[in-house]
Structure formats: C-alpha cells, structure tokens
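Every number in this text was worked out from the coordinates using simple rules, so none of it is lab data. Note that this is a predicted model, so its numbers are computed, not measured. Every residue, glycine as well, gets a Cβ built from its backbone with ideal geometry; the counts of neighbours run over all protein chains shown.
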Amino acid sequence: MVESNVKTAVLYSDIKPNDAQTAELIAFLKKEFDAEIDFCWQKDETIKNGFRIEIDSKVYDWTLEGRFRQLRNSIKLLARENKDIIPLLKENLSRWSPKPVAKEIGTVLSVEDCVATVEGLKTAFFGEILIFGDGIKGMVQSVSEKVCGCILFDDNAEICAGTKVHHSGRIAGFPCGKGFLGRVTNALGEPIDAKGGIDCDDYRPIEKAAPGIIDRAAVNKPLETGILAIDSIFPIGKGQRELIIGDRQTGKSSIAIDAIINQKGKNVICIYVAIGQKTSFVLNLVNTLAKHGAMDYTAVITASAGENATLQYIAPYCGCTLGEYFMEQGKDVLIVYDDLSKHAVAYREISLLLGRSPGREAYPGDVFYLHSRLLERSAHLSSELGGGSMTALPIVETQAGDVSAYIPTNIISITDGQIFLESGMFYAGQRPAINIGLSVSRVGGNAQTAAMKKAVKTLRLDLAQFHEKEIFMQFSSELDEETRRNLAYGQGLMRMLRQKQSNPLPLHAQVIMLIAGLSHSMEKVPLENVENFLKKLIKTVEKEYPELCKNIDENGDFSGEEEKKIILLANKIGG
C-alpha cells in the first residue's frame, strides 16, 4: 500500500482569506512541495498585516514584520557588497516572494495542572509565547538544555503528551488603550462585562525594566485619598508605593476603593487588579465604582479565584503594563493590586509544578524579585519623559496580625511605607482601623499641601500620647483633671478620624476638621455628637466663607486670619 502524499498547511491571519485567495495559496504550496495540501485557517488577532503559513517544519512569514526582516537582510547584504542600494532594492522588492525558513517543532512531554513540559525547542527563551496544537497559548518560565517549562493561559484539557508546540517569537504582552477605561477584562485583556469588544491602541510586553534613577523625578505631589487619617498623617505622593496591610476583613480593599472614588475630576486614571478574589467581590466592586461615577476613569482587570494560577500570576503585570501606557503619555495613574498575598501563592504553585526548589514557607528563592520587579515600575517620571506618574497601592493579607511573615516583610521592604489595619480597632468601631504606631509613609511632608501641613500640626504626637495614657488608665481608678482633659481630647481626635466607607472628604473639609480638633474646640462636645458637630461646622464654613474653602482646594493654603475664623466658628458651634 502506497502512503498518500498529503501535507497539512495552517494559515494564521486576522482576516479569513476568501475562496480565490485560498485557491491561489494552495496552488502555490502544491508547486513548492509537490504534494496534495490539506489547508486550514486559524485566526490570530496579533497579525494585523499579512499572514503566516506553517507547513511541516517550514514557515512562510508574509506578515509585516517578516517582510521588514527580509528587507533588512537584503539591505545589509547590499551594503556589505558596497553596491548602489536604491536600484537594486527596487529590483529586489519587485520580484520579492516569501521564502520558507526552518522551524523548530516541540513536543509536549507531560502536563500538570497549568504547567506543560516541552522538548525540542532549543531556541525557546524565557517569557516567549508558545503555540500549542489547537491554538492554546503558554509562556516559557523555565529553560534547560533539553526541555522547557511552560505555563498555560487556557484550559489544558486539549493538551496531552505528544501535542505539537510551535514558537511564536514574541514575548507575552497586553493590549493597551483608552478603550479599557470603564471596562472589566480578564488577565488576557479579553472583556468579561458583556459590553462588546475593546479597541486597543498598542500591544506592550507585560515584563519591562523599571525606570532608572535618571528617568525619575522626586515624589512631591499629593495623591489625595479623601481619607482624613491617611491624608493628614500618612500622605501618599504621586509615584509612591504605599502598602495596605492587615488581617482579613479589616477594610483593606475599602481604603483602595475610596481612594479611587476620590480621584473623580482630578484627571487621574485608576486601575484595579483583583487577584484570586471571588467573582461576587469583583461584581460589588464594579457596582460601587459605577454608583459613584468612578468607572469612567477606571479599568478593572481580574483573575478570579476560580481561574488557574497562570492568570493570577500575570494579572498584576498586565495591569502595570496598562498603567505604564498612560504614565508614558504624561498622565497620572493610580493602580491597586488586591492582593499580592494571593499572587505569591499562585507563583508558589507554578514554581513547585516547574520543579523549582522550595524555600521558606515553600516559596521559591526568587519570590522577592517577583514583587520587586513589579512595584519598582511605579514612579514619577522626569519632565523630559512627560512627567507622568504611577502610584501603587499593593494590598497584603496577614494572619493574626503577623507582619513578620515572609511575604509581608518582603513587600514592606520594597514599598515606601505601609498602612497597617488592626482587627481589634476595626471591631471596636474605629474605621478605618489604622494603627498609628505601625503605619508610616516615608515620603512624609513632601507629598502634602501647605494647608495640610499647617492644619495637621502635632496630630500624630498627640495621638501617640493619648494611646499611651489610655493604656495606663486601665490600671488607675482615680484620674486628675488634666489627665481627664487629655483623655477626652484624644478620644475626640480618634472619633474625628472615623469615616464612613465611600465617603471621601475634599481637602477643605479635612483642613477644617483638623483645625477644629487640634484647637481643642471639641472638648465639650460629647463623643456621640462629634460627627454631627463636624458636619455642621463644615457646612457653616462653606456657607459663610466660600472663598476660604475655594482657596484651600485650589491653592492648597490658608492664612492665619482664616484659621482664626474657623476656630471661632468651631468654639461657637461646640458651645
């Protein structure tokens, strides 16, 4: 029995060829290979100009990149021969046709969960996208002399031992553009909000070197969260990385959401990356942002708890890539990673499947680099590069308040400060439950307006003294009058720092509250009436001194006379 001479050819392109084009291509391949052709088409949205044909171990690259590559080689050859390039180049182009190039074809040895081991791809490089038999894509994560480990982006049910694997020659990327604002996508950039496709302006690699020292400018502009306890004591600057850390259900995500809501009308683009979160959480997040009009300037990228570890691993890098796209256009970006604890767990799972040696808490040795290369990409760019910024708010979950665990200590050492949320304060009703002693912002007063610097005065010191006296108060039955007054003053300040969720405060309201609180104007106000007192004071100041409020919001400053006016009103209202 004679074996039939049939070869399979696969054409990759963004647009399907018509019947006439298909017939022409089949005729061309029959002539080249002297065989019958089994021709099929596979959609590849990354090929916007031209096409690529793969047959046996050869590739006809008629993409725009392929034509440029061959043109470049022709120019180099002519230049080496010292010939007049222009007429020869014209002749070369007039009779140009795609030439087949040798191609490596790999074979899957084994598949475990989201990891495939492949042999036969000797030229595969770290981060390269590989194409498996039915179009499933994966990314190279480990390379050895004989095999490479590849993490899979899609369901691996169709991949088994013996499946053929091809090079793509590209590193993993993410589509970018304004079309992502107001949308919810997965880690591959595919919309999951049933609002249709997304127009992208660029396709950028998800892994990129962080800006160098020369490319950066000082972090000296405030990114106001609208949360009094943060903007006054732990100011966040544009380009800073401020960690939000605490136990489960202590309001970590709420702080990030409030910060996004507060950027309305401030020309700041926000990106929320949900890693390993429940789908219901993402739904509530989107509804909350939409309710406050924040989805107009926010992109949500999610790799939910039900998705594989690969998507959870690449999600923050994809969000960072989208943020860099806007930052490099001179815009200010706020990005939230919620949370990096789950991101580290996903990376640990991948690393163990790849056969890497486990270290402390079974994490691989490069887990520090995992987050440092992500968070270092947040920066305030120099004016020569447009002056854009990307501010990162990574979130980390602790167990029983243990900040000395492996992942928390790693990320604390990378970031420019942390906001520590304490479960005891949270359940006692102090929300946001920020522990003043363990929280810090290393940018300090450089990221505060003059108005906030004047208003905050000795707030942190006063609160520290109050907490110290509060501890001793537990062991004392009798207190002198001065101690009672100091305790009442501290309790009033703590009550002032309480703030309802999704209720960010403008700068002038925060300044008014601080001036009133630190001038001892609230000492005679019962604790249960502090909230109403402050609301009434703010409304009164806004009504009687609108120019004062406008000056604080627009110019970030106030005079001594204006401060006296606020104190007089506070004393009058407080009785």
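Summary of values
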| read-out | value |
| --- | --- |
| Other-chain or far-sequence residues with amide H under 5 Å of THR398's (modelled H) | GLY246, ASP247, ARG248 |
| Rounded D (µm²/s) - the chain, Kirkwood Rh over Cα pairs, Stokes-Einstein at 37 °C, 0.692 mPa s | 120 µm²/s |
| Residue-span extension gain [GLU145 to LYS543] - 0.36 nm each, minus C-alpha spacing | 135.8 nm |
| Estimated FRET transfer efficiency (HIS467, PHE33; beta-carbon r; R0 60 Å; 0.05) | 0.15 |
| Taking the convex hull of Cα positions in region 454-574, its mean projected area over all directions (nm²) | 8.1 nm² |
| Gained length - LYS500 relative to VAL6, 0.36 nm times residue gap less alpha-carbon distance | 170.8 nm |
| Theoretical FRET efficiency, 1/(1+(r/R0)^6), r = Cβ-Cβ of ASP296 and ALA20, R0 35 Å, to 0.05 | 0.15 |
| Along principal axes, Cα extents of region 104-172, largest first, whole Å | 26, 22, 18 |
| Region 222-298 shape via C-alpha gyration tensor axes, a/c threshold 1.5 | oblate |
| Shape category assigned to region 227-355 from the gyration tensor of Cα positions, a/c cut at 1.5 | prolate |
| Phi to ³J(HN,Hα) by Karplus 6.51 cos²θ - 1.76 cosθ + 1.60 over region 533-538, Hz, x for Gly, Pro | 4, 5, 4, 5, 4, 4 |
| Whole-Hz ³J(HN,Hα) from phi, Karplus 6.51 cos²θ - 1.76 cosθ + 1.60, for region 135-144, glycine and proline x | x, 5, 10, x, 10, 5, 10, 8, 10, 10 |
| Spin-label model distance (nm) - LEU527 vs ILE567, 7 Å beyond Cα toward Cβ | 2.7 nm |
| Projected label distance in nm at SER404 and LYS208, using a 7 Å step from Cα toward the beta-carbon | 4.0 nm |
| Centre separation in Å (Cα based) which lies between region 307-335 and region 485-540 | 38 Å |
| Cut-off 18 Å (backbone N to label point 7 Å along Cα→Cβ of LYS58), residues of region 21-44 | 24-40 |
| VAL143 long-range amide H proximity, modeled H, under 5 Å | GLY149 |
| Sparsely packed trypsin sites (Lys or Arg not before Pro) within region 237-321, loop by DSSP, other Cβ within 10 Å at most 14 | ARG248, LYS266, LYS278 |
| Amide N proximity, region 112-141 versus GLN42 label position 7 Å along Cα-to-Cβ, cut-off under 12 Å | 130-138 |
| Built amide H within the under 5 Å cut-off of LEU243, gap 5+ | ASP416, GLY417, GLN418, ILE419 |
| Sites SER559 and ALA305 - FRET efficiency at Förster radius 41 Å, r taken between beta-carbons, to 0.05 | 0.15 |
| Pairs beyond 30 Å (Cα-Cα), from LYS58/LYS137; LYS16/LYS342; LYS137/LYS178; LYS43/LYS342; LYS195/LYS331 | LYS16/LYS342; LYS43/LYS342 |
| Positive-end extreme of charge dipole, the chain - chosen from PHE281, PRO506, SER441 (charges on Cβ) | PRO506 |
| Under Karplus coefficients 6.51, -1.76 and 1.60, residue-wise ³J(HN,Hα) of region 347-356 in Hz, glycine/proline x | 5, 4, 4, 4, 5, 5, 5, 7, x, 6 |
| Computed label-point distance, nm, for sites LEU283 and LYS122 using a 7 Å Cα→Cβ extension | 5.3 nm |
